[in-house]
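The block underneath contains the structure these notes are about, expressed in structure tokens.
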Amino acid sequence: MEKIVALSKRRGFIFQSSEIYGGLASTYDYGHYGTLLKNNVKAEWWRSVVQERDDVVGLDAAILMHPKTWEASGHLESFSDPLVQCNGKCKKRWREDHLQEDLGEGEELRCPECGGELSDPREFNLMFETFMGPVQDDQARVYLRPETAQGIFVNFKNVMQTARKKPPFGIAQIGKAFRNEITPGHFIFRTREFEQMEIEFFVPPDEAEKWFKHWLKERERWYSDLGIRPDYLRMREHGKEELSHYSTGTSDVEYLFPIGWSELEGVANRTDYDLSRHAEFSGEKLEYFDQQSGERYVPYVIEPSAGADRATLAFFVDAYDEEEIEGRKRTVLRLHPRLAPVKASVLPLVSKDGLSEIAKDVYAEIRKVCPSEFDEGGSIGRRYRRQDEIGTPFGITIDYQTKDDQTVTLRDRDSLEQERVASAELPELLDKKWKEDWQPPKLNQ
Ligand code: GAP
């Protein structure tokens, strides 16, 4: 993980938030390449679950919601973690369930930092509170949403009617969520402000099991199609004691992060819990009524819920590779071209003799079809290394031969093979290459 954090900072993917003030704990800002990478992750998710399906539509709900939402959803009552505090020297706070997991059932818990005695656990609610308007009283109390899902449930009727959908159909949303985590950490794996990519898929109750399996398969496939090594992915079913208050069944898609197997995404059967509760608290009927058959029911919900930051971290970690080429170490991000922040770099061999001008013309054409970069600073070797470290899959070099026959070299980031192609053909060739022709390479690490 240290290598990932160092590369993130060195190349401008991710920075510590408010660094000039000493940083805000477990809060991060995305730099240029990090923003492009995370945007690509979100765009690929949207392409796969909305654009390429007829049964899912989109939504972008507000972060602040009516406070009754959180009573109905059960978050005010149950969205908490067991907090213990060290009564010894360090006074640190811990999640009791995490300590127990690490130690095994029945073992006496002590503070992992200083070995001190721990307090009795108390339930700590993870929702961030704030106040709406100038008066800070109970009437004005609102919450930063801890999951995007509730914005979907409260819009169920609006969307079903306006999108002219009937179950089975889903609503997808990407947006920020906030949790006052007791123990955030491991870089962007667990933070207090993060982005979720969630689908609430509404189904007839007797089809819930079928759709649960469908979404598990679909979501696992999405990660491996985008290059995650299949043997670094696994499914894990939650035990009864782990289930959230709304779920009758949840399976996690897990990834083998440097910290060990950890949750990447959860797929849950939320039954009719949320729609029934919101109907009860709001007085609105939230059900499906089929006018032709007279059938009426509250749909069950299958929820694939992913973290955009956590997925970005998994793609980043999975793509990180090091190798030795002619005695020199090369660090390379072998990202799927669809995720790579920059698809092609245009590099004049030298910046004199008119090569720079030719390269700028090539660059002007390339950038019309894919995000690309022009770079003429430093030796060609250093420029390649920089592009390898940000994961640029294709490198185009303009050399003296280009002046004679208008061809350029096209370098493949992973195989390092170079081919000579006509510069006029580059836009079409690259457009095809970054979208279709890619097989994950074997990693050295
Ligand atoms: N609506 C269901 C829900 O929110 P969750 O398992 O609590 O379920 C779903 O969260 C996903 O959101 C997780 O699998 C993870 O990818 C991401 N996530 C949750 N808490 C996070 C945190 N503190 N930091 C970063 N990502 C988080």
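The values are calculated or read from the model by the stated rules, or taken from the named source; none is laboratory data. No experiment lies behind these values; they were computed from the predicted model shown. Every residue, glycine among them, receives a Cβ derived from its backbone with ideal geometry; neighbour counts consider all protein chains shown. The protein model used for the area step is the full one, side chains on, heavy atoms only, and it has no ligands, DNA or RNA in it. Shrake-Rupley method; radii C 1.70, N 1.55, O 1.52, S 1.80 Å.
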| remark: One checks the Cα atoms of region 88-227 and finds Rg and Dmax, in Å, of 20.7, 61
| query | Which of the peptides 324-336, 162-174 is most tightly packed, and how do the rest follow, judged by the mean count of other Cβ atoms within 10 Å per residue? | reply | 162-174, 324-336
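Which translational diffusion coefficient, to the nearest whole µm²/s, is obtained for region 7-87 from the Stokes-Einstein equation, given a Kirkwood hydrodynamic radius over C-alpha pairs, 25 °C and 0.890 mPa s?
This corresponds to a translational diffusion coefficient of 144 µm²/s.
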| remark: Hull surface over four for the Cα convex hull of the chain, reported in nm², is 27.3 nm²
| query | What is the extension gain from ASP206 to VAL135, computed as 0.36 nm multiplied by their sequence separation minus the C-alpha to C-alpha distance, in nm to one decimal? | reply | 20.8 nm
| request: Return the subset of LYS343/LYS368; LYS176/LYS368; LYS368/LYS442; LYS9/LYS433; LYS166/LYS285 for which the Cα-Cα distance in this structure is over 19 Å, preserving the input order. | output: LYS176/LYS368; LYS368/LYS442; LYS9/LYS433
| What is the local net charge at PRO184, summed over the other residues whose Cβ is closer than 13 Å to its Cβ (Lys, Arg +1; Asp, Glu -1)? | +2
| Sulfur and carbon atoms: percent of accessible area, the chain [1.4 Å] | 46 percent
| Accessible area, 1.4 Å probe, largest first: how do PHE124, PHE178 sort? | PHE124, PHE178
| Of every Cα-Cα pair in region 368-445, the percent that sits beyond 14 Å | 66 percent
| query | Per-residue HN-Hα couplings for region 113-123, Karplus 6.51 cos²θ - 1.76 cosθ + 1.60 at θ = phi - 60°, whole Hz, x for Gly and Pro? | reply | 7, 10, x, x, 6, 10, 6, 5, x, 10, 6
| said: With bins 5 Å wide starting at 0, give me the P(r) of region 377-418 over every alpha carbon pair, in whole percents. | reply: 6, 23, 27, 24, 14, 6, 1
| task | Report the label-to-label distance for SER379 and ARG234 in nanometres (one decimal), using points 7 Å from each Cα along the Cα→Cβ vector. | result | 4.5 nm
| query | So what's the angle, to the nearest 10 degrees on a 0 to 90 scale, between helix 273-282 and the longest Cα principal axis of the chain? | reply | 60 degrees
| Convex hull of Cα atoms in region 316-445, direction-averaged projection (nm²) | 7.5 nm²
| Estimated inter-spin distance, ARG221 and GLU108, nm [label 7 Å along Cα→Cβ] | 5.4 nm
| said: Once you order the gyration tensor axes a ≥ b ≥ c over the Cα atoms, which shape class does region 234-381 get: rounded for a/c under 1.5, otherwise prolate or oblate by comparing a/b with b/c? | reply: oblate
| note | With a Förster distance of 25 angstrom and the Cβ-Cβ distance between GLN161 and GLU52, calculated FRET efficiency to the nearest 0.05 equals 0.55
| remark: Rounded to the nearest 10 Å², the 1.4 Å probe accessible area of LYS210 is 120 Å²
| remark: Computed on Cα atoms, Rg of region 227-279 relative to 2.2 N^0.38 Å comes out at 1.39
| remark: Tilt, helix 426-435 to longest principal axis of the chain (alpha-carbon atoms), in degrees rounded to tens, equals 30 degrees
| Residue-count net charge about SER26 - beta-carbon cut-off 10 Å; Lys, Arg +1, Asp, Glu -1 | 0
| field | Nearest-ten-degree value, helix 355-366 long axis tilted from longest Cα axis of the chain | value | 40 degrees
| field | Highest average packing first - 392-401, 57-66, 248-257, Cβ atoms within 10 Å | value | 392-401, 248-257, 57-66
| request: Restricting things to alpha carbons, find the Rg to Rh ratio for region 57-97 using the Kirkwood radius for Rh. | output: 1.25
| task | Consider a paramagnetic label point 7 Å from the Cα of GLU101 along Cα→Cβ; state which residues of region 189-205 have an amide N under 17 Å from it. | result | 189-192
| request: In nm, give the distance between the simple-model label positions of ASP29 and LEU243, each being 7 Å from the Cα along the Cα-to-Cβ direction. | output: 4.4 nm
| query | In region 151-252, what is the volume of the convex hull around the alpha carbon atoms, normalised per residue and reported in Å³? | reply | 155 Å³
| task | Would you kindly give the portion of the calculated P(r) for region 35-142 that falls above 16 Å, as a percent of all Cα pairs? | result | 74 percent
| query | Using θ = phi - 60° and the Karplus curve 6.51 cos²θ - 1.76 cosθ + 1.60, what whole-Hz ³J(HN,Hα) does each residue of region 336-344 get, with Gly and Pro shown as x? | reply | 4, x, 5, 9, 4, x, 10, 8, 9
| Long-range amide H partners of GLY307 with built H, under 5 Å | MET197
| Which whole-number value in Å³ per residue fits the convex hull of the alpha carbons of region 103-182? | 216 Å³
| query | Considering only protein heavy atoms, what is the solvent-accessible area of TRP261 at a probe of 1.4 Å, reported in Å² to the nearest 10? | reply | 90 Å²
| ³J(HN,Hα) across region 196-211 via Karplus (A = 6.51, B = -1.76, C = 1.60, θ = phi - 60°), whole Hz, x for Gly/Pro? | 10, 10, 10, 10, 10, 10, 8, 9, x, x, 6, 9, 4, 4, 4, 6
| request: Send over a whole-number figure in Å² for the accessible area per residue of the chain, probe 1.4 Å. | output: 49 Å²
